[in-house]
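First the structure, in the form of structure tokens, and then the observations on it.
The values are calculated or read from the model by the stated rules, or taken from the named source; none is laboratory data. Note that this is a predicted model, so its numbers are computed, not measured. Counting neighbours? That spans all protein chains shown, and the Cβs are built from the backbone with ideal geometry, glycine included.
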Amino acid sequence: MQTPDRSHLLRELKNHLLFLKDAGYSEIPCESELFAHPVSTSPVKIMEARKKSSLSQVQEELGDCTRCKLSQGRKTIVFGSGNPKADLVFVGEGPGADEDEQGLPFVGRAGKKLTEIIEKGMNLNREKDTYICNIVKCRPPGNRDPEKEEIEACNPFLVQQLKAIQPKVVVALGKPAASTLLGRNVAITKERGTWHDYEGFKLMLTFHPAYLLRAYTIENRKAVHSDMKMVLEALGR
Ligand code: URA
């Protein structure tokens, strides 16, 4: 058998590191939990694995997650819901009490507002036309903001979820989701209504529906309406 030369090995290594980066890793895992591949795996095999990663595989990898302390207080992991092939994905902050109870995202008061925005405002069907998930999949106690380590522990799964769905547009709902997706502190009042790039997907920032409920002004409602109009245009609808 021919021994691979140094440049071949370096190419293989580079491909493997790019694969891990795509899978959401920011450092080299000792024991790869997501889509483990030995360094010797050929780029062809890696590409095959990449094609196969479906939403249910990502959920399987998440398992009965205990990667952060949110697992200690949760009742249910709220992975996401909707059409796994949707062109439009909404990303919220984290499950609240109702979501924790039912295991589904956005089913409480804020969820009803989001459904209204999707169905009445955009004339879309929530289940058929969208997929909805959060930056953290377990309820932060007392509905506090999720912490940095909690967001970081969940982030590879969010990245993989979006890559499995391949939406045309991602909408970040509120500051924590926008800041997480863009990796910087986002001033949502200033930056809502603007387009960004997230891992190659078109990303729109808008207000969180819970904020709309708290500050139910004509100005805020018009703002969300105008943001969703831009989203519909980008979707070609
Ligand atoms: N708020 C969120 O950000 N996500 C939910 O799932 C529910 C409320």
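Right, GLY236: farther than 19 Å from ILE118 by Cα and either surrounded by fewer than 18 Cβ atoms within 10 Å (Cβ to Cβ) or without any contact (Cβ under 8 Å) to a residue 40 or more places away in the chain (or both) or not?
no
Quick one: which of ASN143, ASN125, ASN134, ASN83 is at pLDDT below 95 and assigned by TED's automatic domain parsing to the domain that holds PRO167?
Of ASN143, ASN125, ASN134, ASN83, the one residue that is at pLDDT below 95 and assigned by TED's automatic domain parsing to the domain that holds PRO167 is ASN143.
Scan PHE106, PHE90, PHE157 and give me the residue that is among the aromatic types (Phe, Trp, Tyr), in contact (Cβ under 8 Å) with a residue 24 or more places away in the chain, touching a Pro at 6+ places or on another chain (Cβ under 9 Å) and over 20 Å from ARG237 (Cβ atoms). Walk me through how you get there before you give the answer.
Numbers: PHE90 fails: over 20 Å from ARG237 (Cβ atoms); PHE157 fails: touching a Pro at 6+ places or on another chain (Cβ under 9 Å).
Result of the check over PHE106, PHE90, PHE157: PHE106.
Of everything in the range 94-114, what is over 18 Å from the mean Cα position of the chain (by Cα) and more than 7 Å from the ligand (Cβ to nearest atom)? Give them in sequence order.
The answer is ALA97, ASP98, GLU101, GLN102, ARG109, LYS112, LYS113.
Going by the structure shown, is PRO176 in contact with a helix residue (DSSP H, G or I) (Cβ under 7 Å, 6 or more places away or on another chain) and either more than 22 Å from SER71 (Cβ to Cβ) or of a type outside the set (A, V, I, L, M, F, W, C) (or both)?
no
With (1) assigned to a loop (DSSP other than H, G, I, E, B); (2) buried (at least 18 other Cβ atoms within 10 Å of the Cβ); (3) modelled with pLDDT under 95 as the list, and VAL39 as the residue in question, which single condition is left unmet?
Checking VAL39 against (1) assigned to a loop (DSSP other than H, G, I, E, B); (2) buried (at least 18 other Cβ atoms within 10 Å of the Cβ); (3) modelled with pLDDT under 95, the one that fails is (2).
Name every residue in the range 74-93 that is within 16 Å of the ligand (Cβ to nearest atom) and basic (Lys, Arg), in order of residue number.
ARG74, LYS75
How many of the residues making up the range 175-192 are in contact with a strand residue (DSSP E or B) (Cβ under 7 Å, 6 or more places away or on another chain) and more than 17 Å from PHE79 (Cβ to Cβ)? Please lay out each step first, then the result.
Step one: list which residues in the range 175-192 are in contact with a strand residue (DSSP E or B) (Cβ under 7 Å, 6 or more places away or on another chain), which gives 177-178, 181-182, 186, 188, 191-192.
The next check asks that each one be more than 17 Å from PHE79 (Cβ to Cβ); those that pass are 178, 181-182, 186, 188, 191-192.
Total meeting the criteria: 7.
Does the range 122-132 contain at least one residue that is more than 18 Å from PHE207 (Cβ to Cβ), touching a Pro at 6+ places or on another chain (Cβ under 9 Å), outside any helix (DSSP H, G or I) and within 13 Å of the ligand (Cβ to nearest atom)?
Scanning the range 122-132 turns up at least one residue that is more than 18 Å from PHE207 (Cβ to Cβ), touching a Pro at 6+ places or on another chain (Cβ under 9 Å), outside any helix (DSSP H, G or I) and within 13 Å of the ligand (Cβ to nearest atom).
When you scan the range 157-173, how many residues do you find that are over 21 Å from ASP129 (Cβ atoms) and in contact with a strand residue (DSSP E or B) (Cβ under 7 Å, 6 or more places away or on another chain)?
Qualifying residue count, the range 157-173: 0.
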